[in-house]
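> Below is the structure I would like to discuss, written out as C-alpha cells.
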C-alpha cells in the first residue's frame, strides 16, 4: 500500500499526461501481482473502497490525540484525512506490519461493518504518512487519482509493445487483479480471451480539416453528415451465454457510462453496436449542449432528471449487426445497413439516424456548414457543431488515422476580452504566466467595471506566450500566491480575442455566464481595453 | 532571583541584563551573541559579535567583511565570562556553525537554542542537548502534523525521479545556506554520481563548506554551462529562482522543493511543486518535544513558529511554558517554503 500511495502522491502533483503514464508504468513494472492488479483496479475505478464516513476517521483520531492539538492541526492543514494521516501516532514497540493493498482489499470485502474501525486503525498503524493519506482518501471515497482509466490502461500497454486500444479491447472481459493482462502485456502470456458479450470497440476519430487540405481532396470520394454537439458514445447490445440481452453504453474512451443512462438502455431494442452522438431530445428537438450537461458526470440519476432530460442516440455508424463485425466494410455499405437497422429498431423513439448532407462540390458543403438549418438540419440546426466528411470507402479504424475522416467545425464565436489575472503554468510552463482570466465590461455601481467571464490557457503560440508573460511581469498590480493581477483599466491593459464554442448560464460564475472551450485566438495589442466587448453582447448569445 | 534577570525578551530580541548583551538581535545593538548565520538571526551593524568561527566566516561572506565593529570566535564547548555570566556555545545541528547559547549564572542555567534539529545532518555537528532550568525553543514546526521522514528516503525519491525522467531537469529549491549543502550530501549518498549544477547565489557558501572539508563531488555553476548539459541533471537553486526567468534555460523541468513545509499538500500545491521533498533543518514535532524533555527543564519559552500548540503540549506535561511573541524570526523558513512573493531578475 505504501508504494501505491507513493505513486498516487506523485501523480497528484504531476500535470503532464506522458509523465503520469511513465510513473504508472514504472510502478506496474516494479510491483508484483496481485498488488499491481489491485492498484490498476483502483486507478481505473473498477473497485470501490469507499467504506467509511469521515465521522469514523475523526473518532479514531480522537481516541489517539489531544483534542486541542488535533483542532489546531486540522485548522492548519484544512483537510481531515490529511491531518489524521500526518498526526496518527506511531505505535509503541516493534514496527507494525505494513499492509499490502491486496490485504486491505480483501479485508474491506470480507470484514463485517463492526470490525472496520479496528481493522482501519491496524492498517494505519502499519503505514507511513503517504500510505495513511491514500488509504483514508480511498476509504472515504475522496481520492482524486489525477489520471483517467484510459491513461492507466495506456501505462499497462506500454509495459510491452501493446497499443492502448489492444488493452481496451480485452478489458471488458477482465477482472481485478488482472494477472493475465499483465502477463500478456509483458509478453509472458497469451492474449486474454474476452468473454464479454458487449465489448467496447475502439473509436475512430477525425482530424480537423485545414483550408489547404481541400485542394488535395475530391468531393466525389466523400460523404458528409452533421457533427452534433453532444457526446460521442457507443451503444452495444448482445446476448450472453445464457441468452439474456446485455446492454452497455460506452464513452469515447471506453468508459462504461451505462449507470447514468438507464432510460436510454431500457429503450434500446437491437442487437449490435452503434456509434453515435448522445443528445437530449425534447419534443422532437435536440437541446443544446448545456442542457445535456445536466445529465453528465452524475453518479446517481433521479427520476426527475430522467423525465426532464431524456437521453437519445443519433446514430452515425454501425460497427456490428447481430454477431457480425462490419468494421472492415466501407463506410458507404455500413451507412446503408445502418439506415435499415435504425428503421427496424426505433427503440421507442430514442434512436434515430443522423442524416447525410448531400453535396456535389466543396462550395455546396461550405454553404451547408454555414446554414445547417436550410440544408436539412431544420429546427436542430443550433445543435450542429459543424460537418463530418468521411471517405465512402473508409473502413472503421481505431484511433485517428489521417485521411479517411475529417471534421470541419463551424466558425467559433469570438469576443474581445481584457486580461485580468494570470497564473503560472506547470511543467514546461512553470516559469511562464500561461493561465489567463479575462473579463468583459459591465455596468457597476460607479461606472463600467470588468467582470471575469472565463479562463484560457492555450490557443497562443510560444512566441505569443513569451510576450504575454513579459506583459504580465511588467504590469502586475497585485500578487496572490501564484496568481498575479495585471493592470486592466480602460486605457491600460491587454485585450485578448477569445474564441469559444458556446455559452451557458452559470450560477457559479460571477458574470452569470460560462464559456465552453475558450482559447486565445489573437492578441489585440492594438486595441485599448475600453473597446473590449460588453457582458450584454455575451448574454445575447445565450439561447 | 528570577530567570528574567538572566534573560528576557526585548524589542531587539532576547536580552541578557546581567551580561548586557543580546542574542540574535533583529536590530543593531552594542553587543550580540549570534546562534547561526541565517539572515533572520544574523544581521549586520552590531558593535561586538560573539559566535562560532563558522558563523562569523559565513556572515562575512554574506554581509561583507565589515558586518560588525569587532568579532570574537568562541569554540563549541568553550566558556567565557561576560559581566559575570558564563557564556558557552553548543552544537544546535541546524546548519554549519550553528550553536545553542548556554548561560550559567548564580546556579541558574538558561539555554537559548536558536534554530535546531535533532535529525542527523552530514554537513554539521549534531545537536548536543544541555541540561538546563529554562529552555528557549523555536517552534517552526510546532504542530503534531509535522513529522519529517527519513531524509535519505526523500533524497532517494529525487534520484529515482531523475532516473525515470532522464530528459528532464530536476530543479531542487533549497535555502542557500545549509539546506542546499545538505541536499548535495544527501543526493550523493542516494547514489547520484553526475554533476550537480548550482545557482550563483549558492556558490560562496558552498565553497566555504567545501573548504571546511565537505565533499560534495562534482559541483558546477549553472552560469556558463551549455544548456545541452541540463537534461537529466540535478540543479540546486534558492526557491525563488525556480520561477524566475533564470529557470527558462531548463527544458521541461521538474520543480522540486526541499522544505519541511512540503509535508502539507496545500503548501506544496500552492508553490507549484511537482516533487515535494520533506527535508527540514528544523526539529519536527517529535524532535521539539523530545529535545525539551531531554533538557530536563522546568520551564520552556517559545520564540517563534506555532507557539500555541507547543505551549499547550508543555502544559499537559506539567511544564511551565510561555510564548515570547518574538517578531522578525522565521523569515528564512518563509523564503524556504511559503513566501508568496518572489524575487525577480
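The numbers here are math on the coordinates, done by the rules we state, and not lab data. Model, not experiment: these values are computed from the prediction. FYI the Cβ positions are ideal-geometry reconstructions off the backbone, even for glycines, and counts take in every protein chain you see.
> Plugging the Kirkwood radius over Cα pairs into Stokes-Einstein for segment A:413-539, at a temperature of 37 °C and a viscosity of 0.692 mPa s, what D comes out in µm²/s?
On the way: Rh = 14.5 Å.
This corresponds to a translational diffusion coefficient of 226 µm²/s.
> Two decimals, Cα atoms only, Kirkwood Rh: what is Rg/Rh over segment A:180-248? Write out the running numbers ahead of the final one.
Values: Rg = 19.7 Å, Rh = 16.9 Å.
That ratio equals 1.17.
> For chain B, what is the relative contact order in percent, using Cα pairs closer than 8 Å and at least 6 residues apart in sequence?
Details: 777 pairs, mean separation 57.5, N = 345.
Reported as a whole number, the value is 17 percent.
> Let me ask something else. Quick check on segment A:413-539: of the DSSP beta bridges with both residues there, what percent are antiparallel, nearest 5%? Write down the numbers at each step before the final one.
On the way: 38 of 39 bridges.
Once the DSSP bridges in segment A:413-539 are tallied, antiparallel ones form about 95 percent.
> On a 0 to 90° scale, report how tilted helix B:151-164 is relative to the longest principal axis of chain B, with both axes built from alpha carbons and the result rounded to the nearest 10.
With rounding to tens, the tilt is 10 degrees.
> If I take all pairs of Cα atoms in segment A:207-409, what percentage of them are more than 21 Å from each other?
On the way: 10956 of 20503 pairs.
That fraction is 53 percent.
> A further question on this structure: With runs of 4+ DSSP H residues as the only contributors, calculate the mean residue ellipticity of the protein assembly as shown at 222 nm using -39,500 (n - 2.57) per run, divided by the residue total and rounded to the nearest 500. Provide the component values of the computation, followed by the final result.
Values: 27 runs with 250 residues, N = 888.
Mean residue ellipticity, 222 nm, calculated: -8000 deg cm²/dmol.
> Shifting gears a bit: How high is the relative contact order of chain A? Use alpha-carbon pairs under 8 Å, at least six apart in sequence, and give a whole percent.
Numbers: 950 pairs, mean separation 59.6, N = 543.
Normalised by residue count, the contact order of chain A is 11 percent.
> Sticking with this one: Quick one: P(r) of segment B:151-277 from all Cα-Cα pairs, 10 Å bins, percents rounded to integers, in order of increasing distance.
Calculated over all Cα pairs of segment B:151-277, the distribution is 13, 50, 33, 4 percent.
> Okay, next question. Principal axes first, then extents: for the Cα atoms of segment A:53-128, list largest minus smallest coordinate on each axis, whole Å, largest first.
Answer, in whole Å and largest first: 36, 29, 18 Å.
> Take residue B:86 and residue B:167, extend 7 Å from each Cα along the Cα→Cβ direction, and tell me the distance between the two endpoints in nm.
6.6 nm
> R0 = 25 Å: FRET efficiency of residue A:113 with residue A:75, Cβ-based, nearest 0.05? Could the numbers behind the result be given before it?
Values: r = 31 Å, r/R0 = 1.24.
About 0.20, to the nearest 0.05.
> Related question: For chain B, find the longest principal axis of its Cα atoms and tell me its angle to the long axis of helix B:179-189, 0 to 90°, nearest 10.
60 degrees
> Also, I was wondering about something else. How long, wide and thick is segment A:1-86, going by the Cα atoms along their three principal axes, in whole angstroms, largest first?
44, 26, 19
> May I have the convex hull volume per residue, in Å³, for the Cα set of chain B? Provide the component values of the computation, followed by the final result.
Details: hull volume 42.6 nm³, N = 345.
Convex hull of Cα atoms, per residue: 124 Å³.
> Could you grab the relative contact order for segment A:413-539? Cα pairs under 8 Å, six or more apart, rounded to a whole percent. Provide the component values of the computation, followed by the final result.
Numbers: 276 pairs, mean separation 38.7, N = 127.
The normalised contact order for segment A:413-539 reaches 31 percent.
> On the Cα set of segment B:1-135, report Rg and Dmax in Å, please.
So, for segment B:1-135, Rg and Dmax equal 13.7, 41 Å respectively.
> Does segment A:295-406 come out rounded, prolate or oblate, given a ≥ b ≥ c as the square roots of the eigenvalues of its C-alpha gyration tensor, rounded meaning a/c under 1.5 and, failing that, prolate meaning a/b above b/c? Walk me through the intermediate numbers first.
Numbers: a/c = 1.80, a/b = 1.22, b/c = 1.48.
It comes out oblate by the Cα gyration axes.
> From the alpha carbon gyration tensor of the protein assembly as shown, can you work out the equivalent ellipsoid semi-axes (sqrt of 5 times each eigenvalue) and give them in Å, largest to smallest?
Values: eigenvalues 732, 212, 126 Å².
With the √(5λ) rule applied to the protein assembly as shown, the semi-axes are 60, 33, 25 Å.
> What fraction of the Cα pairs in segment A:447-506, stated in percent, has a spacing above 14 angstrom? Spell out each step's value before the answer.
Working: 1202 of 1770 pairs.
The proportion of pairs with Cα distances above 14 Å equals 68 percent.
> Report, for chain B, the % of DSSP beta bridges that are antiparallel, rounded to 5.
Details: 21 of 60 bridges.
Counting DSSP beta bridges with both partners in chain B, the antiparallel share is about 35 percent.
> Starting from the Kirkwood Rh over alpha-carbon pairs, what translational D in µm² s⁻¹ does segment A:256-298 have by Stokes-Einstein at 25 °C and 0.890 mPa s?
On the way: Rh = 11.9 Å.
For the chosen part, D equals 207 µm²/s.
> With the crude spin-label approximation of a point 7 Å out along Cα→Cβ, what separation in nm comes out for residue A:62 versus residue A:212?
6.8 nm
> Once the Cα atoms of helix B:53-63 and of chain B are each reduced to a long axis, what angle between those two axes, in degrees from 0 to 90 to the nearest 10, is obtained?
For B:53-63 against chain B, the angle is about 60 degrees.
> To continue, here is another question. Output the antiparallel fraction of DSSP beta bridges having both residues in the protein assembly as shown, as a percent to the nearest 5.
Details: 100 of 146 bridges.
The antiparallel fraction comes to roughly 70 percent.
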